[in-house]
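Here it is: the structure, laid out below.
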Amino acid sequence: MSRTKTSNYEGFTAEERAAMKEHAQEVKKAARRSSRADKAAEALKDLLAKIATMPEADRAIAERVHALVTANAPMLAPKLWYGMPAYARDGKVVCFLQNADKFKTRYSTLGFNDLAALDDGAMWPTHFALTEMTTEVEERIATLVRRAVS
């Protein structure tokens, strides 16, 4: 399908451009780190610092997601991915949290990339809206994370 001259496409939003710039900075910063242990420690530090800067509602969700992912999938390495908290296996992101403030949306999103073993027939969800953390939501996240890395 080709675009016509009447198309209203204006390119990436300011938030999308900012996310791409953050990703470029993350890649450069990771390349400058020396040892594997330094990389892991610095990546965790960066992730926690990013969470600390989030608005209160987003921060509460991000802190719980971080705790749930690290408890249920300790083999995943925390890192920033396009300025979002993410968790990777062998450098490839398995799951991530897009906080509501990031792209000015009404809810945060817990997303899973194709490496996550969430397959269920010919169609399955890979992104989940999060508006608050309840016991039920925490249990569902824990289950999804364990399944994603199984």
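Please enumerate the residues belonging to region 94-114 that are of a type in the set (A, V, I, L, M, F, W, C) and in contact with a Cys (Cβ under 9 Å, 6 or more places away or on another chain).
Passing the criteria: Leu110, Phe112.
Which count do you get for residues in region 128-141 that are over 12 Å from Arg64 (Cβ atoms) and in a loop (DSSP other than H, G, I, E, B)?
Within region 128-141, residues that are over 12 Å from Arg64 (Cβ atoms) and in a loop (DSSP other than H, G, I, E, B) number 1.
A further question on this structure: Would you confirm, using the coordinates I've provided, whether Lys28 is part of a helix (DSSP H, G or I) and not aliphatic (A, V, I, L, M)?
yes
No value in this document is a laboratory result; all are computed from the given coordinates. Since this is a predicted model, take the numbers as computed values, not measurements. Positions of Cβ are backbone-derived with ideal geometry, glycine not excepted, and every protein chain shown enters the neighbour counts.
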